[in-house]
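Visitor: What follows is a structure written as structure tokens; I'll ask about it next.
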Amino acid sequence: MTPPEETEPEETNPPERALPWREALAVLVFLGSALGLVVVLSAGPPAGEVQRSALGEPPPPVAGVKTWLNLPPGEAPAWRGAERIEFGALRGKVVVLEFWSAWCHQCRGANLELNTLHEEGRSDLQVIGVTMRDRYVEEPEILAHVRDQIRFPVALLGQGRAITSYQVREIPHAVIMSREGTIRWLGKGGTAAFRAALAAELGDAPP
């Protein structure tokens, strides 16, 4: 004879409901969290956070310079700060700031052009390179590359905050600054667009 199947005993008492004051407290906590999130998102980054480059605006600071390379002999130029580029000291000159890396083949061609510009010795132009070590290249390789292939001054960064400030998404990334100290052009270095923008800023005939 087959024994009867066992069944779960039916619940005779309904589940306990949370007390009304607990439900109200939970709603208040949820609303408070939601309001806090909206405030944070609308407020943007706190003061002192990364400043972004923008056309027509003064350049964001390039700080965290670990080593300066290819500086002219003699007294250090006024724009060479201890750990930063002092753009205020470059007023009156057109400035080309280029972000590059030693592993980047397109950077090499762009840097040859910048070598030529630098060696022209124009008093109204300052070329500055910016680079840093990464997972593809170590510092000794950077130093050797600069020594052998670059003639203009280079800032070797110890950290990449400037990469974020200037919104560097591909290299070579060039920035052209006016004599008045504002950003006039940003884009890929070593291109026809870069050459045309620089010629316009310098008042030269188009290339």
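Visitor: Only sites in a loop by DSSP and with at most 12 other Cβ atoms within 10 Å count here; which chymotrypsin sites (Phe, Trp or Tyr not before Pro) in the range 86-136 make the cut?
Guide: Tyr136
Visitor: Hey, got the Cα dimensions of the range 68-148 along the principal axes, in Å, largest first?
Guide: Rounded to whole Å, the extents work out to 36, 27, 21 Å.
Visitor: Another question about this same structure. Using only the Cα atoms of the range 90-207, construct the convex hull and provide its projected area averaged over every direction, in square nanometres to one decimal.
Guide: So the Cα hull casts an average projection of 7.0 nm².
Visitor: List the GluC sites (Glu not before Pro) within the range 80-149 that fall in a DSSP loop (any state other than H, G, I, E or B) and whose Cβ has at most 15 other Cβ atoms within 10 Å.
Guide: Glu83, Glu86, Glu120, Glu138
Every read-out reported here was derived from the displayed coordinates using simple, explicitly stated rules and does not represent laboratory data. Here the structure is a predicted model, which means the values were calculated and not measured. Counting neighbours? That spans all protein chains shown, and the Cβs are built from the backbone with ideal geometry, glycine included.
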